[in-house]
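The values are calculated or read from the model by the stated rules, or taken from the named source; none is laboratory data. Just so we're clear, the structure is a prediction, and the values are computed from it rather than from any experiment. Counting neighbours? That spans all protein chains shown, and the Cβs are built from the backbone with ideal geometry, glycine included. With ligands, DNA and RNA removed, areas are computed over all heavy atoms of the protein, side chains included. Shrake-Rupley method; radii C 1.70, N 1.55, O 1.52, S 1.80 Å.
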Amino acid sequence: VDSKDRVYVYNRSDHPMMVFDTDGNLIASWGEDVFKTAHHIFIGPDDRLYTTDIGDHTVRKWTSDGEPLMVLGTPGQPAERMSGDPFNRPTDVALGLDGSIYITDGYGNARVHHYTPDGKHIRSWGEPGDGPGQFVIPHSVCVDGSGHVYVVDRENKRVQVFTADGQYIR
């Protein structure tokens with residue numbers, strides 16, 4: 001839900017992005033010729049939308065009206081599986097306190113990638129496994145008010161916590 005109470009439904013139908021008003025009326029749809037396999041949407045404090053697409057291996061930034069602003073990754077060209085390079089079926093997006101972008105790259109990788117607000121790669125961390133800082137399908141990410149990065153490590157059935165620069169906390 002954005003600041004104007006519009007509800008965005010990112011899905012795997014003929015209309016991958018549907019926008020509804022508070023009464024449930026469809027007011028827009030878009031992305032029909034862009035998305036391959038919708039996975040996650042995040043709405044930033046400025047109402048910019050971030051989407052992950054596990055079918056074309058990209059993370060995209062949009063205006064609330066569906067105008068593209070940025071593409072991270074090369075559409076249709078995944079990184080080699082478990083290479084650690086962005087992206088092989090990215091799963092989620094969150095914004096840091098400074099506006100930087102955190103992306104879990106979970107189905108074909110075991111990494112968290114960190115980018116500047118304008119899309120320059122800063123760092124990546126994680127590797128396959130079950131030890132601290134290791135992942136088996138990092139599936140979701142969020143950032144708390146102190147800047148800690150929480151990563152849902154799905155198949156290890158845990159949440160791991162990191163500093164904003166990727167240092168393991170707990």
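Observations on the structure shown:
- Which listed residue is modelled with pLDDT of 95 or more and under 24 Å from Asn156 (Cβ atoms), from Gly106, Gly24, Gly96, Gly66: Gly96
- Applying the criterion of at least 2 residues that are open to solvent by 80 Å² or more (accessible area, probe 1.4 Å) and in contact with a helix residue (DSSP H, G or I) (Cβ under 8 Å, 6 or more places away or on another chain) to the strands (runs of 3 or more DSSP E) found wholly in region 1-43 leaves an empty list.
- Per the listing Thr37, Thr63, the residue uniquely on the phi < 0 side of the Ramachandran plot, in contact with a Gly (Cβ under 8 Å, 6 or more places away or on another chain) and among the β-branched types (Val, Ile, Thr) is Thr37.
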